[in-house]
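Okay, so here's the structure we're looking at.
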Amino acid sequence: MGDAGHDGPLVGIVMGSESDLRVMRAAAEVFGELGVGCELRVSSAHRTPERTLEYARSAEGRGIRVIIAGAGMAAHLAGSIAAWTILPVIGVPLSGTSALGGVDALLSTVQMPSGVPVAAVAVDGARNAAWLAAEILALGDPGLASRVRAAREAAARAVAEADGRLPWRPTKARAPASGTSGSSPTSTPGRPRSPSASSITPDVPTR
């Protein structure tokens with residue numbers, strides 16, 4: 001999947017309605033961070049079926065390597081595109097104005113027949129769709145693979161730094177008062193209890 005000489009976009013981000021850009025622009029932001037070219041298009045599986053068909057058929061010839069499709073409610077966009085291309089298609093179920101909070105779109109996206117797969121991320125999960133697409137592209141692009149790894153490492157450091165900023169630290173266990181069994185009446189044998197406010201000491205003064 002070497003595309004070192006390809007100057008055009010490698011990822012197509014398609015959405016069923018312009019209002020979907022509110023969620024789908026997050027995918028483009030990830031590609032901007034990683035230096036991956038992408039294009040954003042509006043095409044509806046139901047309102048503009050011919051346009052969607054043409055986009056799916058022409059994508060590979062234009063250098064597109066992965067397609068991300070976001071739609072809500074019936075959410076047939078990703079499946080419609082997958083029916084007309086062998087490029088990897090990643091579906092983003094959108095919550096939109098759905099009374100079901102996007103669960104309808106999620107089920108519609110994942111229920112594809114054998115042989116016509118669509119990879120589905122979480123409802124409104126445009127960022128993860130972009131990361132998955134980047135990992136697919138990174139298989140044939142060592143430079144992109146390095147950038148994806150660096151982003152993972154930065155995320156891990158951020159978690160460690162957040163842990164270090166917590167203002168509380170555990171203290172040593174206290175011996176039970178004389179005449180007690182050492183376990184409270186509400187504790188479950190074999191299951192450690194969560195520390196209470198009296199068993200932790202603040203590192204910094206509270207306000």
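The values are calculated or read from the model by the stated rules, or taken from the named source; none is laboratory data. Source: prediction; values computed, not measured. Methodologically, a virtual Cβ is constructed for each residue, glycine included, from the backbone with ideal geometry; neighbour enumeration extends over all protein chains shown.
Taking the range 8-57 on its own, how many of its residues are touching a residue at least 12 places away in the same chain (Cβ under 8 Å) and over 11 Å from Leu77 (Cα atoms)?
Adding up the residues that qualify gives 30.
So which of Ala75, Ala99, Ala82, Ala105 ends up being closer than 24 Å to Val36 by Cα and either over 16 Å from the mean Cα position of the chain (by Cα) or hydrophobic (A, V, I, L, M, F, W, C) (or both)?
On the way: Ala75 fails: closer than 24 Å to Val36 by Cα; Ala99 fails: closer than 24 Å to Val36 by Cα; Ala105 fails: closer than 24 Å to Val36 by Cα.
Criteria check complete, one pass: Ala82.
Look at the range 139-161 and say how many of its residues are within 19 Å of Arg127 (Cβ to Cβ) and touching a residue at least 12 places away in the same chain (Cβ under 8 Å).
Number of matching residues: 4.
If Glu60 passes every condition in (1) under 20 Å from Gly140 (Cα atoms); (2) without any contact (Cβ under 8 Å) to a residue 40 or more places away in the chain; (3) surrounded by 22 or more Cβ atoms within 10 Å (Cβ to Cβ); (4) not aromatic (Phe, Trp, Tyr) but one, which one does it miss?
Single failed check for Glu60: (3).
Suppose we keep only residues that are in contact with a helix residue (DSSP H, G or I) (Cβ under 8 Å, 6 or more places away or on another chain) and either surrounded by fewer than 12 Cβ atoms within 10 Å (Cβ to Cβ) or of a type in the set (Val, Ile, Thr) (or both) within the range 116-170. Which one would you say is farthest from Val36 (Cα to Cα)?
Looking at the filtered set, the residue picked out is Pro170.
Take the range 63-110 and flag every residue that is surrounded by fewer than 17 Cβ atoms within 10 Å (Cβ to Cβ) and either touching a residue at least 40 places away in the same chain (Cβ under 8 Å) or of a type in the set (Ser, Thr, Tyr) (or both).
Gly63, Thr97
When you scan the range 23-31, do you find a residue that is farther than 22 Å from Ser114 by Cα, surrounded by 14 or more Cβ atoms within 10 Å (Cβ to Cβ), of a type in the set (Val, Ile, Thr) and modelled with pLDDT of 95 or more, even just one?
Yes, the range 23-31 contains at least one residue that is farther than 22 Å from Ser114 by Cα, surrounded by 14 or more Cβ atoms within 10 Å (Cβ to Cβ), of a type in the set (Val, Ile, Thr) and modelled with pLDDT of 95 or more.
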